[in-house]
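Below is one structure, written out as structure tokens; comments come after it.
The values are calculated or read from the model by the stated rules, or taken from the named source; none is laboratory data. The model shown is predicted, which means the values in this text are computed figures rather than measured ones. Glycine gets a Cβ as well: all are built from the backbone with ideal geometry, and neighbour counts include every protein chain shown.
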Amino acid sequence: MLCGLHCINALLQGPIFDEVSLSQIAIDLDQEERVLLAGESASFFQESSNVANDGNYSIQVLSKALQQFGNVQTIPIGSSTMSQSADMTQEQGFIAHKGNHWIAIRKVANVWYNLNSTNIVPPGP
């Protein structure tokens, strides 16, 4: 279930991240969370909330990875930081999570592609 990894690499159009780099981000986020929760029965042996044993990464991991690129933001649809009048056609790509699966939707040469890692047929407009 490395669909989060495939999703952001598809969005960025290259093999930018690997399982090790995303897992390190998850470990770092888990450590930060434990430090914040210290004193509230935080256990250093609890399971990660940022990566599951099957390799499914949280939105926090994907967001943190994408922050390395100054022009990439993750803004939840419907959030207060997203303008109701925003023209979504001006965006370059989106990530979506449905049923425990991440997918990328990306505009290339002004054509939108569904870059789902489980697609049987190659991506097309």
* Out of curiosity, is Ser63 at pLDDT below 95, under 21 Å from Asn100 (Cα atoms) and in contact with an Asp or Glu (Cβ under 9 Å, 6 or more places away or on another chain)? -> no
* Scan of the stretch 90-119 for residues that are within 15 Å of Val72 (Cα to Cα) and β-branched (Val, Ile, Thr), ordered by number -> Ile95, Ile105
* Close pairs (6 angstrom Cβ cut-off, 6 or more residues apart or separate chains): farther than 12 Å from Gly4 by Cα in the stretch 14-34, of a type in the set (S, T, N, Q) and at pLDDT 90 or above anywhere -> Pro15/Asn9; Ile16/Asn9; Leu29/Gln60
* Asked: With respect to Gly124, is the statement that it is exposed (fewer than 10 other Cβ atoms within 10 Å of the Cβ), among the small types (Gly, Ala, Ser) and modelled with pLDDT under 90 true?
  -> yes
